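The values are calculated or read from the model by the stated rules, or taken from the named source; none is laboratory data. Please read these numbers as outputs of a predicted model, since none were measured by experiment. Here the Cβ positions follow ideal geometry from the backbone for every residue, glycine too, while neighbour counts run over all protein chains shown. Remember, those area values only see protein heavy atoms, side chains included, never the ligands or the DNA or RNA. Shrake-Rupley method; radii C 1.70, N 1.55, O 1.52, S 1.80 Å.
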Amino acid sequence: MQRATLLFVIVGSTIGTGIILSFYGNQIIFEGLIKGEGLVKVGENLTIQVELDNTKIRSGVYAIQIMDFKEGTITAKILDPSDIEIRSQLINEKVFEDRFDITTSGIYKLVIENIDEKEVQIFGVIGPEPDAGKKSLGFISLYILIIGLIGMVGVTIYVIKNRGKSFN
């Protein structure tokens, strides 16, 4: 029984490590992103601005989440520092993510427009695209969690099998 307790402690620690890495990874991935939210009426915009330096970062990312999603009613535009539209997209998903190139340094804007009569709650983020190292931390935490959960099932099977042998 002491072996089973030790195995449960090891597996529990693995799961705990995976959870901690998951929170830490999300914090690192989203640290450079600027967030904005609001109720957007017809003809109104939600504008989120971020300063980006093309000498440090080559691409940016933006994401939009729409509550009470209705297809074909929300558009998103990315404006460069000269207010020139470099990306435009009709949003056809409740959660949408896309990337854009950072060609010049300055303030980039995410402009989200509502063309529906109904007021809509919208969340948006814009900022530098996280590098591969930051993204990999999210995958590593997922793999550690999966290993921990598989280990938990294995230890439970081990305990059940050994419990049956001790009664014989």
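Accessible surface area normalised per residue over the range 18-122 is 58 Å², counting heavy atoms of protein chains with a 1.4 Å rolling probe. From the largest down, the range 32-98 spans 39, 21, 19 angstrom on the principal axes of its Cα atoms.
Fully extended, how many nm does the chain gain between residue 39 and residue 56 (0.36 nm per residue separation, minus their Cα-Cα distance)? Don't skip to the end; give the middle numbers.
On the way: separation 17, 0.36 × 17 = 6.12 nm, distance 3.38 nm.
Taking 0.36 nm per residue and subtracting the Cα distance, the gain is 2.7 nm.
Rounded to the nearest 10 degrees, the angle from helix 2-30 to the longest Cα principal axis of the chain is 10 degrees.
Which order do the peptides 62-73, 118-129, 81-92 take when ranked by the mean count of other beta-carbon atoms within 10 Å per residue, highest first? Intermediate values should be presented prior to the final figure.
Details: 62-73: 16.6, 118-129: 18.8, 81-92: 13.0.
Output ranking for 62-73, 118-129, 81-92: 118-129, 62-73, 81-92.
Each of 46, 4, 62 was scored by the projection of its Cα onto the charge dipole of the range 1-91, and the greatest displacement toward the positive side belongs to 4; charges sit on the C-beta of Lys, Arg, Asp and Glu.
Size of the dipole of the chain about the Cα centre, Lys and Arg at +1 and Asp and Glu at -1 on the beta carbon, nothing else charged, in debye to 20?
Values: 17 positive and 20 negative charges, 306 e Å.
With only Lys, Arg, Asp and Glu charged at Cβ, the dipole is about 1460 debye.
Treating r as the C-beta distance of residue 49 and residue 139 and R0 as 25 Å, the FRET efficiency rounds to 0.25. Across the accessible surface of the range 10-91, with the other protein chains kept in place and a 1.4 Å probe, carbon and sulfur atoms take up 51 percent.
Taking 1.306 mPa s as the viscosity and 10 °C as the temperature, the Stokes-Einstein diffusion coefficient of the chain based on its alpha-carbon Kirkwood radius rounds to 84 µm²/s. Computed about its Cα centre, the charge dipole of the range 1-57 is approximately 340 debye, with only Lys, Arg, Asp and Glu carrying charge at their Cβ. Candidates 123, 92, 26 compared by Cα position along the dipole of the chain: farthest toward the positive end lies 26, with charges placed on Cβ. Extension gain, residue 27 to residue 121, is 31.5 nm, computed as 0.36 nm per intervening residue step minus the present C-alpha separation.
What FRET efficiency, computed as 1/(1 + (r/R0)^6) with R0 = 45 Å and r the Cβ-Cβ distance, is obtained for residue 10 and residue 98, rounded to the nearest 0.05?
Between residue 10 and residue 98 the formula returns 0.60.
Each label point was placed 7 Å from the Cα along the Cα-to-Cβ direction; for residue 90 and residue 153 their separation is 4.4 nm.
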